[in-house]
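All remarks here apply to the structure that follows.
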Amino acid sequence: MPDAGKMIELCEILDITLNDLFSGEKVDMKDNEKKYEENLLEMTKQKEESDKRLLKLEIVIAIFGIIFLFSNIAIASLIEMEDWIRVLLITSGMIVFLIITGFALRIEQKAGYYECSECHTKYVPSYNSVLWAMHVNRTRFMKCPNCGKINWQKKVISK
Ligand SMILES: [Zn+2]
């Protein structure tokens, strides 16, 4: 699957429609609409599947980050060593933890949607609003871009 930005260019070069590209064959004008809907449905399904996988990956890397940080702290506090090595262990543990948290948050922001509990709009928030929002698991206290209310926004997979 080529990048979305390249698709139109590719179609122009090949002299086919986007619909032909997604169908993998030349589509008749009369079948066009039906095929288009099928393709749209298929793409939505694929996005949902990959979002689900991403959200699972987020849990795995978050657990890895926590284990890495706490094992570094445990080693630094329990084992005899020079002080500078202790500092190095704890600092590197924190740095890795922060990088992993940033990465996990990026997944959480991009995979699926947040649903406003007030107006039920589903949207992808900015990275910053996800980063600074209070949260319980994946439910975040954020401002809805549609109705402007600040409330608990739930993570959902389908639009
Ligand atoms: Zn809303």
Notebook entry, point to check: Within the stretch 68-98, can you find the residues that are among the hydrophobic types (A, V, I, L, M, F, W, C) and exposed (fewer than 12 other Cβ atoms within 10 Å of the Cβ)?
Noted result: LEU78, ILE79, TRP84, VAL87, ILE95
Checklist line | Wholly enclosed helices (runs of 4 or more DSSP H) of the stretch 29-138 bearing at least 3 residues touching a Gly at 6+ places or on another chain (Cβ under 7 Å) | finding: 32-78, 83-110
Item checked: Filter result for the condition that a residue is among the acidic types (Asp, Glu), surrounded by 14 or more Cβ atoms within 10 Å (Cβ to Cβ) and free of Cβ contacts under 8 Å to residues at least 12 places away in the same chain, over ASP20, ASP3, ASP15 -> ASP20
Item checked: Residues that are surrounded by fewer than 15 Cβ atoms within 10 Å (Cβ to Cβ), of a type in the set (S, T, N, Q) and more than 10 Å from the ligand (Cβ to nearest atom), drawn from the stretch 114-135 -> SER126, ASN128
Margin query: Test of understanding: among LEU98, LEU105, which residue is in contact (Cβ under 8 Å) with a residue 24 or more places away in the chain and either of a type in the set (Asp, Glu) or more than 16 Å from the ligand (Cβ to nearest atom) (or both)?
Written below: LEU105
Checklist line | Number of the exception - MET142 against (1) of a type in the set (A, V, I, L, M); (2) within 16 Å of the ligand (Cβ to nearest atom); (3) assigned to a helix (DSSP H, G or I) | finding: (3)
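Each value in this text was obtained by applying a stated rule to the coordinates, not by laboratory testing. This is a predicted model, so every value here is computed, not measured. Glycine also receives a Cβ, built like all others from the backbone with ideal geometry; neighbour counts cover every protein chain displayed.
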